[in-house]
Structure formats: structure tokens, C-alpha cells
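A short write-up of the structure that comes next.
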Amino acid sequence: METLEKPETSEKPLERKPEKFSPNEIQSIQGIGKVNSPDSISTTDHHTEAIKKHETLNDASIKASGQVSEHQDSVEAREVEYLKLRGRIGEELAQGNIPDSVNINDVTGKSNFANYDIVSPHEVSSVKVKELTKEGQPRYSDYNKYFRDITDPNSKANQRAAQDMLALHQEDPDQWLSLTKHIPGDLSAAQNTQEMAQAMSAHATLRIPGDQVAAVRNDLKWRAWNDPTSYGLNPADPELETKIQEFSRTRIKSINKEITLDDMCLAAIDIQRTRPHVKVPANQ
């Protein structure tokens, strides 16, 4: 099959043919309604949206602060705390954006459940909040690795997640029963590690900052077109392009379409500013 050359920037359109979906159709697929033209949005609407955005971010920040403990007052410890706060803010925002969802880390009592963060009857999500590179680009290689991990049932990360899920099923039936209301039916019905891994990968999504979604989708489409088998696709499939378009839309989603990476970064910094950090003893 034809091999495409990667353009200088992954933010340029990578499809060989014109987009098959209109902007409103794409917004519908993403579940975020129709696109409004600038002229149709009043000043009052902008003000209302700004208030709603602030309230959403503030609520996520409060919840995140309650889940991430205060660290010692050293450069290294505060950096770790900042990253944990930013990541947890992303998880809280994603959970608020996914109906009937729960944080799997909280349910299982694990500080970092393998591969996934938010589960629901609709999807099993890995939430990643990654800073841009020095060149101002999303971290494409990192996102691609995460994507490959969650969509391949045989990846080491997916197998670990399946083992943890199976252990919960076997060791804590009451908690498992409660969790089944928040996971896909085939995952609830799985009886062994491989069935668990297959079910999770079938419903896996990668949730990232909304302002990075378009570029990361384009990068993924370029990679999948040039190496379909690595993404579980058949190079000879006449519907290959359509399938690549589809999975890039359904598997890469925004944490929250209104809240950017910078918003989450600043929110994490604001939390730290209000914390009375534990002083590092003089002998450390």
C-alpha cells in the first residue's frame, strides 16, 4: 500500500481525501452539540460560559485537593505534588464529563490503577495531562504509547489492569457488585484475565486536554495509515481509511472541551499556593 510522508507539523491535515464529516457532524460524534458561528454567540452567552467554566474547574480543583496529600516543602517534593494535582484535576474533569462514571483508583484503593483512571458503562478511560514540548507540540510519542497500551489487549499494561480487575472480582464480591454499575457489560461478565483485557481494550479511550485533541488525532491517523497492523488494522481492508478516521474520533477524546492544559496547570498551582507545606527537617 502507499506510504505517506509525515508532514513538517502533525497539526496539518493528514488525510488523503477531503474530510467526510462536516463540523456539526464531528461535534455530534463527540457528543458536544452543534457548532455555533461567532455571530450567533452573544456577550451574555460568553459570560455565562465563562462562569460555568470557572465553576467546573473550581469544583474539580477542590476534589483534587482532597485526594492529593500535601508534600514536603522542597523543590522535588513540590514538583511531584504539582504533577499529581494536575493529573487528578484532569481525572475529576473527565469524570464530570462522562455519565455514570467512577474513578477506578478510588474504587480499588490503588494509588495508580494500571492503564486506566475513569470507568463507565460507556467507556474505560486513561486520562493523561501532558505538557507541550519546547517546540509547542503535543507529546505525540507519549500519547501514541498510551494509545497502543490501552487498545492492545495483550499489552503488559492491559494485562496488569485485567489482573487487578479480576482480583477485585474474586476477593471483594460486594465492591465488585457495586462497580458493575459503572463498567461495560462485557467487562462485568468477564471470567478470566484475557476476557477482562479484551473487554477493557474494546472500550478503551484516551482522554487528553481538549486543546491537544485535533493535533493528536491527526498524528495517530498518520501513524495508523503508515503501519495499520500495529493498530490491529488490515492494510488490505478497502475500508481502512474510514476505520482509521472512526477510531481516531472515538478513541481520542477531550478531558473537557472548554478547559485547556493551561487552565489545569494554573489550577494546580493555585492549590499549592494555599497549602501550608510541611517543612523539610534540617538534617535532610
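The values are calculated or read from the model by the stated rules, or taken from the named source; none is laboratory data. What you see is a predicted model; the values in this text were computed from it and never measured. Using ideal geometry, Cβ is built from the backbone for each residue, glycine included, and neighbour counts are taken over all protein chains shown.
Filtering LEU220, LEU179 for residues that are surrounded by 16 or more Cβ atoms within 10 Å (Cβ to Cβ) and touching a Ser or Thr at 6+ places or on another chain (Cβ under 7 Å) leaves a single hit, LEU220.
Confirm whether GLU241 is surrounded by fewer than 18 Cβ atoms within 10 Å (Cβ to Cβ), free of Cβ contacts under 8 Å to residues at least 12 places away in the same chain and among the acidic types (Asp, Glu). Criteria not met by GLU241.
Within segment 197-215, not a single residue is of a type outside the set (A, V, I, L, M, F, W, C) and surrounded by fewer than 16 Cβ atoms within 10 Å (Cβ to Cβ). Filtering LEU233, LEU187 for residues that are buried (at least 21 other Cβ atoms within 10 Å of the Cβ) and either at pLDDT below 95 or assigned to a helix (DSSP H, G or I) (or both) leaves a single hit, LEU187. Of all residue pairs spaced 6 or more apart or on separate chains, those with beta-carbon atoms under 8 Å, a first member in segment 120-131 that is within 12 Å of LEU83 (Cβ to Cβ) and among the aliphatic types (A, V, I, L, M) and a second member that is part of a strand (DSSP E or B) and modelled with pLDDT of 95 or more are VAL129/ILE208. Take the conditions (1) acidic (Asp, Glu); (2) touching a Gly at 6+ places or on another chain (Cβ under 8 Å); (3) over 30 Å from ILE62 (Cβ atoms); GLU258 misses just one of them, which is (3). Just checking, does segment 122-141 include any residue being assigned to a helix (DSSP H, G or I) and within 21 Å of THR205 (Cα to Cα)? The answer is yes, given that some residue of segment 122-141 is assigned to a helix (DSSP H, G or I) and within 21 Å of THR205 (Cα to Cα).
When segment 70-91 is filtered for residues that are out of contact with any strand residue (DSSP E or B) (no Cβ under 8 Å at 6 or more places or on another chain) and closer than 30 Å to LYS52 by Cβ, the ones remaining, listed by number, are GLU81, TYR82, LEU83, LYS84, LEU85, ARG86, ARG88, ILE89.
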